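**Student:** Here it is, the structure, as structure tokens.
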Amino acid sequence: MLYREAGQFKTDYAADQQIFPILQDRIFVFGVIAAAFAIVPAIASEYLYTEILIPFLILSLAAIGLNILVGYCGQVSLGTGGFMAVGAYAAYNLWLRVPEANNLVVVFLFGGLMAAAVGILFGLPSLRIKGFYLAVATLASQFFLDWLFARVKWLTNYTPSGSVAVGDLHVFGWRIDGPADRYLLILGMVVVATIVAKNLVRGHIGRSWMAIRDMDIAAEIIGFRPLRTKLLAFAVSSFFIGVAGAMWGFLRLGSWEPLAFDINRSFQILFMVIIGGLGSLVGSFMGAAFIVLTPVLLNQLPGWLGVNMSTAMISHLEFMVFGAMIVFFLIVEPHGLARLWAVAKEKLRLWPFPH
Amino acid sequence: MDSRLRSFPDVLLSVENISLSFGGVNALTDISFDIAKGEVRAIIGPNGAGKSSMLNCINGFYHPQHGAITYKGVRRNQMKPHEAAEQGIARTFQNIALFRGMSTLDNIMTGRNLRMKTGLLWQALHIGPARREEIEHRKAVERIIEFLEIQHIRKAPVGTLPYGLQKRVELGRALAAEPELLLLDEPMAGMNIEEKQDMCRFILDVNDEFGTTICLIEHDMSVVMDISDRVVVLDYGRKIGDGTPDEIKKNEAVITAYLGVGH
Ligand SMILES: Nc1ncnc2c1ncn2[C@@H]1O[C@H](COP(=O)(O)OP(=O)(O)OP(=O)(O)O)[C@@H](O)[C@H]1O
Ligand SMILES: [Mg+2]
């Protein structure tokens, strides 16, 4: 089918304000979601679930959360790992201490809400400081949270080394057992979360974030409240990140220690946002896919090429590829893979008559 | 050319003995004047005279060290910018201050932010009140887009637009707030004759049709004399003239200080 806008006249503003105003985009996205729900479970292997699809989906959600803060509201954060940890440990404590709440939706939402509260707290300095200094302040929040979960034993139920484990998981009476169950639950929640994120960024709240990002003084002069707007971005962003952290602990790892959410995690999510595209939800998925798939592909590469390569060499290669990509995108295309994709689509729309 | 002889009985805003300094620089010294409801009031003066600083005091962006501003009957020494916005004061800037990463449509939509009230949960679901509100305000914004004749750039990111159009979008964003008092800082700077004529027409239409009071800064004397009801003249932070365009043209102090230089 040709990718064309022609002939699709918008008759009212509701139609023009749809998430995907172009019919072909709509069909494509619904097709992908339908396939993810119906076809993937019929064919996926355990490896595909646990090493690719589950990490991809959860990290996409974390990237969406961070993108709201960095890409939409323009506030840099290096504390993503810490906020994921808050989500994971808050969820763990609810699950552990309130047996009646053994419903993962409730548990995850609680994790998200606690992360949002902590996010607001660590977002307070953003009223006064910007850019590099804010990045350092959020980095401090990362270290503080690392320290908190390593030292305050109650939070990790007095287990040695702070390693906690969960099991016997339910959602509204549905027992979450194998990788297929976990995948479907995550997929469902990520789809809902993405729609919520899209709704927020396309409405007046999203415009308030972008106004603060693009020119905070002008934003204030037309009536936006900078502090309120920034804190809301911190709260919503941390909420998504906290839910992602809880999912990572409960559904990806099953048992974890604070190290799972250290500074490396913060950088990993930030790289996804930069490579995928600042200020793009689709880009968050692309960035997550890129970061999850690159190591997998690099591992296969020597086999395909028929050369011998040590694992150390491969992990060096990984760093080099990420480093090069980040430099490339920061300098050449801050809107990341999402923009490259949009440009390709634009070409396709004009093809085969480029003039 | 003759000024448009109209009369304006009510005072909307009055500035009393405002003084503003930055370190040792006196940007404004003991300035008093008023803006009547419904008029087009111009502020003129050579570069660095303190014109922009005056607008910045009116909308709460600068806080004068002395004096007070009475707006709609309320006397204040200081106001925060968002309070000014809530009170119906909108403005444009000498150096365009658009949200460069957003489209024309979104930029103008931000002008309506104070009227958009649905909370986080409705927004997250984008149903019911949130949806109705978005469509209702979209309609108002579309009327402004039509009025300013910028339909063709509705979806374009403003960062990519030529200067003249950016100025127009910025006016649109200010109009979207449906202000009572509209402050325009050099709305026609850097425009060609045609663009200036369009801009004059928009300003006069806004003033006529919506009764919006306008206070503008402009360097082009023929424009100022054409469209304004009254003119304030500043020089080195002091007021040296105040009156109708005809009076200003005859004012000796103004002629020596300003009109004589380069005009
Ligand atoms: N934020 C500021 N900090 C320091 N000095 C300032 C600031 N804003 C204005 N000034 C000074 O105040 C004086 C008046 O400046 P202002 O911008 O109000 O002049 P203007 O009449 O708008 O000039 P122009 O025609 O060039 O726009 C100048 O000497 C300027 O350097
Ligand atoms: Mg100025």
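**Student:** Please give the contour-minus-distance gain from A:Asp177 to A:Glu333: 0.36 nm per residue of separation, less the Cα-Cα distance, rounded to one decimal in nm.
**Tutor:** 51.9 nm
**Student:** Can you tell me the order of B:224-237, A:298-311 when each peptide is scored by its average per-residue count of other Cβ atoms within 10 angstrom, highest first?
**Tutor:** Details: B:224-237: 21.6, A:298-311: 11.1.
Answer by packing, highest mean first, reads B:224-237, A:298-311.
**Student:** Then there's this: Could you work out, residue by residue across A:204-212, how many beta carbons of other chains sit within 10 Å of that residue's beta carbon, and then give the average as an integer? Could you put the intermediate results ahead of the total?
**Tutor:** On the way: counts 14, 8, 3, 9, 3, 0, 7, 10, 1.
Mean shielding count: 6.
**Student:** Ignore the peptide's own chain and count Cβ atoms of other chains within 10 Å of each Cβ in A:220-231; give me the average, rounded.
**Tutor:** If you average over the peptide's residues, the count of other-chain Cβ atoms is 6.
**Student:** Between A:Leu293 and B:Lys139, what is the FRET efficiency for a Förster distance of 35 Å, r being their Cβ-Cβ separation, to the nearest 0.05?
**Tutor:** 0.20
**Student:** Which value in nm describes the separation of the simple spin-label points at A:Val29 and B:Asn47, placed 7 Å from the Cα toward the beta carbon?
**Tutor:** Modelled inter-label distance: 5.0 nm.
**Student:** Return the calculated 222 nm mean residue ellipticity for chain B, to the nearest 500 deg cm²/dmol, obtained by summing -39500 (n - 2.57) across DSSP H runs with n ≥ 4 and dividing by the residue count. Provide the component values of the computation, followed by the final result.
**Tutor:** Values: 9 runs with 92 residues, N = 263.
When only DSSP H runs of four or more count, the value is -10500 deg cm²/dmol.
**Student:** Still on this structure, I have one more. Rounded to the nearest 500 deg cm²/dmol, what is the calculated helix-only ellipticity per residue at 222 nm for chain A, with -39500 (n - 2.57) per DSSP H run of length n ≥ 4? Spell out each step's value before the answer.
**Tutor:** Details: 15 runs with 236 residues, N = 355.
The helix-only estimate for chain A comes to -22000 deg cm²/dmol at 222 nm.
**Student:** Shifting gears a bit: For the charge dipole of segment B:101-177, defined by +1 on Lys and Arg C-beta atoms and -1 on Asp and Glu C-beta atoms about the Cα centroid, which residue among B:Ile145, B:Ile108, B:Leu125 has the Cα displaced farthest towards the positive pole?
**Tutor:** Projecting each Cα onto the dipole axis, the largest value belongs to B:Leu125.
**Student:** Given the C-alpha centroids of segment A:16-79 and segment B:139-181, what is the distance between them in whole angstrom?
**Tutor:** 34
**Student:** Assigning unit charges at the beta carbon (Lys, Arg +1; Asp, Glu -1) and nothing else, what dipole magnitude in debye, to the nearest 20, does segment B:83-205 show about its Cα centre?
**Tutor:** Here segment B:83-205 has a charge dipole of around 440 debye.
**Student:** Report the Rg/Rh value for segment A:44-262, based on alpha-carbon coordinates and the Kirkwood definition of Rh. Working shown, then result.
**Tutor:** On the way: Rg = 17.5 Å, Rh = 17.6 Å.
Rounded to two decimals, Rg over Rh is 1.00.
**Student:** Out of A:Tyr158, A:Met313, A:Ala218, whose Cα points farthest toward the positive end of the dipole of the protein assembly as shown (charges: +1 Lys, Arg; -1 Asp, Glu; placed on Cβ)?
**Tutor:** A:Tyr158
**Student:** Additional query: Let me confirm one metric for peptide B:126-137, namely the mean number of other chain beta-carbon atoms within 10 Å of its residues' beta-carbons.
**Tutor:** Counting other chains' Cβ atoms within 10 Å and averaging over B:126-137 gives 3.
**Student:** For segment B:52-111 and segment A:95-168, what is the centre-to-centre distance using only Cα atoms, to the nearest Å?
**Tutor:** Answer, in whole Å: 40.
**Student:** Related question: Might you tell me the accessible area per residue for the protein assembly as shown, computed with a 1.4 Å probe and given in Å²?
**Tutor:** That works out to 45 Å² per residue.
**Student:** Could you report the buried accessible area between B and A, both sides summed, computed with a 1.4 Å probe and given in Å² to the nearest 100?
**Tutor:** Protein heavy atoms only, the B-A interface buries about 2900 Å².
**Student:** Now for a different question. Among B:72-79, B:186-193, B:134-141, what's the highest-first ranking by average C-beta atoms within 10 angstrom per residue?
**Tutor:** So the order, starting with the most tightly packed, is B:134-141, B:186-193, B:72-79.
**Student:** What is the spin-label model distance, in nm, from A:Phe319 to A:Leu253 if the labels are put 7 Å beyond Cα along the C-beta direction?
**Tutor:** Between A:Phe319 and A:Leu253, the simple spin-label model gives 2.3 nm.
**Student:** Right, here's the next one. What is the percent carbon and sulfur in the accessible area of the protein assembly as shown, measuring with a 1.4 Å probe over the protein chains and ignoring ligands?
**Tutor:** That fraction is 63 percent.
**Student:** Continuing with this model, one more query. So what is the orientation-averaged projected area of the protein assembly as shown, using the convex hull of its C-alpha atoms, in nm²?
**Tutor:** 34.5
**Student:** Would you be so kind as to identify all helices of chain A, as entire DSSP H runs, whose Cα atoms reach 24 Å or more along the helix's own axis and whose mean Kyte-Doolittle hydropathy is at least 1.0?
**Tutor:** Numbers: long enough: A:80-97 (25 Å, 0.57); A:104-123 (27 Å, 2.53); A:131-151 (30 Å, 1.06); A:179-202 (34 Å, 1.19); A:226-247 (32 Å, 1.30); A:281-305 (35 Å, 1.49); A:311-332 (31 Å, 2.07).
Span-like helices in chain A: A:104-123, A:131-151, A:179-202, A:226-247, A:281-305, A:311-332.
**Student:** Within chain A, how many Lys pairs sit with Cα atoms under 29 Å apart, leaving out pairs fewer than 8 places apart on the same chain?
**Tutor:** 8
**Student:** With an 8 Å cut-off on Cα pairs and a minimum separation of 6 or more residues, tell me the relative contact order of segment A:225-355 in percent.
**Tutor:** Relative contact order for segment A:225-355 comes out at 25 percent.
The values are calculated or read from the model by the stated rules, or taken from the named source; none is laboratory data. Not measured: the values here are computed from a predicted model. We place every Cβ from the backbone using ideal geometry, glycine too, and count neighbours over all the protein chains shown. These area figures cover heavy atoms from the full protein model, side chains too; ligands, DNA and RNA do not enter into them. Shrake-Rupley method; radii C 1.70, N 1.55, O 1.52, S 1.80 Å.
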